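Below is one structure, written out as structure tokens, with a few remarks after it.
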Amino acid sequence: MTTEPIGADRYLCPDFPVTTCALRDGRVATIRPLGVRDGDAEVAFLRALLPAAGRNRLLGLPLSPDAAMAPDLLDADGVSRVVLGGFVGDRLCGVAQYGVDGPDRTRCEIATMVGAAFHDSGLAEALLEQLIHLAKARGLHHLYALELAEDHEAARLLHWFGFKASPVPGDATLLRFCRPADSGA
């Protein structure tokens with residue numbers, strides 16, 4: 001991976017460098033924070049996922065994403081809420097994000113999604129690695145994800161990064177994956 005610092009005037013998270021990484025098939029992905037100006041790319045990305053994969057992204061996402069949703073999807077301050085995008089060329093191919101919650105503001109919920117053409121490419125791993133790094137830098141001590149119990153790809157990815165699964169009380173369709181932010185990766 002290579003990194004290049006970016007200026008605060010270009011994107012949120014000015015302390016987060018633009019990162020490039022080689023995917024398993026030789027393509028090069030660029031990972032950078034997303035902002036409201038990326039709304040069209042985010043909506044196009046979500047539309048390309050639907051209908052089957054869209055149900056996995058931030059459980060409860062409407063099945064008809066449109067431009068009016070973009071400000072809500074990308075409303076990130078770079079500290080309490082971060083949204084990273086993985087681009088191949090100008091095309092958004094994956095997204096990873098966290099949102100801080102809890103009374104002590106030391107934990108966050110994470111979510112990662114890549115397009116079907118990028119499953120097993122290494123993009124999801126690169127996005128999640130950068131997201132975890134950024135969460136640690138922001139002083140977040142506990143990370144968790146809620147995933148559908150049937151989403152075995154997400155389970156493998158999260159286990160790879162040291163997350164432990166447990167059932168969600170009262171909902172057999174979901175698993176909660178947790179890990180301390182400082183446990184490697």
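The values are calculated or read from the model by the stated rules, or taken from the named source; none is laboratory data. None of these values were measured; they are calculated from a predicted model. With ideal geometry, Cβ positions are generated from the backbone for all residues, glycine too; neighbour counts draw on all protein chains shown. Quick note on the areas: whole protein, heavy atoms, side chains included, nothing else; ligands and nucleic acids left out. Shrake-Rupley method; radii C 1.70, N 1.55, O 1.52, S 1.80 Å.
Somewhere in segment 92-108, is a residue modelled with pLDDT of 85 or more, within 22 Å of residue 154 (Cα to Cα) and surrounded by fewer than 18 Cβ atoms within 10 Å (Cβ to Cβ)? Taking every residue of segment 92-108 in turn, at least one turns out to be modelled with pLDDT of 85 or more, within 22 Å of residue 154 (Cα to Cα) and surrounded by fewer than 18 Cβ atoms within 10 Å (Cβ to Cβ).
For segment 109-120, taking the residues that are closer than 17 Å to residue 159 by Cα and more than 13 Å from the chain's Cα centre (by Cα), the one that is least open to solvent (accessible area, probe 1.4 Å) is identified as 119.
Considering each residue of segment 1-26, count those that are buried (at least 16 other Cβ atoms within 10 Å of the Cβ) and at pLDDT 80 or above, and give that number. Break it down stepwise before answering.
So in segment 1-26, the residues buried (at least 16 other Cβ atoms within 10 Å of the Cβ) come out as 6, 11-13, 16-21, 23.
Keeping just the survivors that are at pLDDT 80 or above gives 18-21, 23.
Residues that pass the stated criteria total 5.
This table checks each residue for (1) of a type in the set (A, V, I, L, M); (2) open to solvent by 80 Å² or more (accessible area, probe 1.4 Å); (3) part of a loop (DSSP other than H, G, I, E, B); (4) modelled with pLDDT of 85 or more.
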site	(1), (2), (3), (4)
30	no, no, no, yes
37	no, yes, no, no
47	no, yes, no, no
64	no, yes, yes, no
69	yes, no, no, no
77	no, yes, yes, no
84	yes, no, no, yes
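Okay, residues lined up against (1) touching a helix residue (DSSP H, G or I) at 6+ places or on another chain (Cβ under 7 Å); (2) more than 17 Å from residue 119 (Cβ to Cβ); (3) loosely packed, with under 14 Cβ neighbours inside 10 Å; (4) among the small types (Gly, Ala, Ser):
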residue: 135; (1), (2), (3), (4): no, yes, no, yes
residue: 139; (1), (2), (3), (4): no, yes, yes, yes
residue: 143; (1), (2), (3), (4): yes, yes, no, no
residue: 148; (1), (2), (3), (4): yes, no, no, no
residue: 162; (1), (2), (3), (4): no, yes, no, yes
residue: 167; (1), (2), (3), (4): no, yes, yes, no
residue: 170; (1), (2), (3), (4): no, yes, yes, yes
residue: 173; (1), (2), (3), (4): no, yes, yes, no
residue: 177; (1), (2), (3), (4): yes, yes, no, no
